[in-house]
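The values are calculated or read from the model by the stated rules, or taken from the named source; none is laboratory data. Keep in mind the model is a prediction, meaning the values are calculated, not measured. Here the Cβ positions follow ideal geometry from the backbone for every residue, glycine too, while neighbour counts run over all protein chains shown.
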C-alpha cells in the first residue's frame with residue numbers, strides 16, 4: 001500500500017520535536033513537505049526536505065494525504081478547515097482550537113468531508129499516566145475520590161514568546177493535557193472552579209492555575225505554576241483502597257527535544273517509580289509502564305488507511321475545549337461554572 005503523504009504546517013518546537021520525527025519513524029507515513037519561513041532551520045534537521053512558504057502551496061501538492069497543524073493556536077482552526085476543504089485528513093496540535101465554536105466547526109467540517117480529524121493528545125501515552133490507568137483498572141486504588149495532577153515548573157523569568165502571551169496563559173498551554181487525561185479517567189465533570197494568576201513579574205498572561213473539577217463523590221484538581229523550585233510532584237491519587245504518589249515527568253518530551261529518534265534505546269522508560277500505599281499503610285514501589293508516543297501515530301496511520309479507530313477523535317478535543325472555556329469563565333467571574 002502506498003505510504004500516507006504528510007505535510008507539516010509549522011517548524012517550531014512542536015513541529016521539530018513532536019511531529020516530524022514521529023512521522024519519519026511511523027511505518028507507512030512519509031513526510032513530504034513542511035511550511036516554514038525558515039528553510040535553513042528545516043534543512044538543518046531534514047536535508048532535502050521540500051519547504052513551502054505558505055499553507056496554500058502545501059495543500060496544492062497532490063502527494064499530501066494528511067496535514068499536521070502545528071501553527072500558533074489562533075491559526076489552528078483556519079489551517080485545519082483549509083486542509084479539510086482540500087480533502088486532506090488532519091492532525092491538530094493542542095489546543096484543538098482557541099474556542100468551542102471553532103472546535104465544533106473543525107469537527108463538523110471533518111465529518112462533512114469524510115476525513116479523519118485527530119487531536120494531538122500525546123500524553124495519553126505518558127509512562128506515568130499508563131501506569132495510573134493500570135492501577136485503577138486493577139483495583140489497587142479502589143474508588144478514586146481525590147485526584148491531583150501537577151505540571152509545575154521553575155521558570156522565574158518569562159520568555160518573550162507568543163506562547164507566553166496566550167490569552168489563556170498556561171491554562172491554554174498545559175491545561176489541555178491535564179484536562180484530557182482527567183476526562184479519559186473520569187468522564188465529563190458536573191462543574192469547573194478555577195483560580196488563575198500571573199505570579200511572575202512581567203508575565204504577560206496567567207502562569208498559575210488551580211482548577212477543580214467537581215464529580216459526584218470525587219474531586220479532580222489540576223494545578224500548574226512556573227514559580228515552583230521543587231516541581232517534581234506529578235500525581236497524587238487517593239482512593240478507597242490506597243494512594244499513589246508519583247514524582248518526576250515522563251522522559252519522552254526531554255528525549256524528543258534533545259533530538260533523539262522515537263523508540264530508540266530506553267525511550268519511554270521512566271526511572272522514578274510511584275509509591276503505592278495500601279489501606280494498611282504498607283508502601284511499595286509501583287512498576288512503571290513504558291510510555292510510547294508513537295502509539296498515537298501508529299493508530300492514526302491505521303485510521304487513515306481505514307484499518308482502525310481514530311486515536312483521539314475531534315469530539316474528545318471539543319470536550320477539552322469546553323472545560324478550558326469554563327475554566328477561563330470561572331476564573332474571570334470568580335465562581336463555579338456548571339457544565
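Is it the case that residue 262 is out of contact with any strand residue (DSSP E or B) (no Cβ under 9 Å at 6 or more places or on another chain) and under 27 Å from residue 321 (Cβ atoms)? No. With respect to residue 116, determine if the residue is on the phi < 0 side of the Ramachandran plot, touching a residue at least 24 places away in the same chain (Cβ under 8 Å) and not assigned by TED's automatic domain parsing to the domain that holds residue 214. Against the criterion (on the phi < 0 side of the Ramachandran plot, touching a residue at least 24 places away in the same chain (Cβ under 8 Å) and not assigned by TED's automatic domain parsing to the domain that holds residue 214), residue 116 qualifies.
If you go through the stretch 320-339 and keep only what is in a helix (DSSP H, G or I) and over 22 Å from residue 18 (Cβ atoms), you end up with 322, 323, 325, 326, 327, 328, 329, 330, 331, 332, 333. Any idea which of 83, 77, 101 is assigned by TED's automatic domain parsing to the domain that holds residue 17, part of a helix (DSSP H, G or I) and crowded, with 24+ Cβ neighbours inside 10 Å? Among 83, 77, 101, only 83 is assigned by TED's automatic domain parsing to the domain that holds residue 17, part of a helix (DSSP H, G or I) and crowded, with 24+ Cβ neighbours inside 10 Å.
The residue that is surrounded by the fewest Cβ atoms within 10 Å (Cβ to Cβ), counting only those in the stretch 5-18 that are part of a helix (DSSP H, G or I) and touching a residue at least 60 places away in the same chain (Cβ under 8 Å), is 13. Can you find a residue in the stretch 175-187 that is in contact (Cβ under 8 Å) with a residue 60 or more places away in the chain and more than 18 Å from residue 124 (Cβ to Cβ)? So far as the stretch 175-187 goes, no, none of its residues is in contact (Cβ under 8 Å) with a residue 60 or more places away in the chain and more than 18 Å from residue 124 (Cβ to Cβ).
Applying the selection to the stretch 108-118, what residues are touching a strand residue (DSSP E or B) at 6+ places or on another chain (Cβ under 6 Å) and assigned to a helix (DSSP H, G or I)?
If the condition is that a residue be touching a strand residue (DSSP E or B) at 6+ places or on another chain (Cβ under 6 Å) and assigned to a helix (DSSP H, G or I), then 110 is the only one that fits.
Filter the stretch 227-240 down to the residues that are part of a loop (DSSP other than H, G, I, E, B) and touching a strand residue (DSSP E or B) at 6+ places or on another chain (Cβ under 7 Å) and list them by number.
Listed by number, the residues that qualify are 228, 229, 231, 232, 240.
Every test in (1) more than 24 Å from residue 254 (Cα to Cα); (2) free of Cβ contacts under 8 Å to residues at least 60 places away in the same chain; (3) out of contact with any strand residue (DSSP E or B) (no Cβ under 7 Å at 6 or more places or on another chain) is passed by residue 50 save one, and that test is (3). Would a scan of the stretch 121-134 turn up a residue that is within 17 Å of residue 69 (Cβ to Cβ) and in contact (Cβ under 8 Å) with a residue 12 or more places away in the chain? Yes, the conditions are met somewhere in the stretch 121-134.
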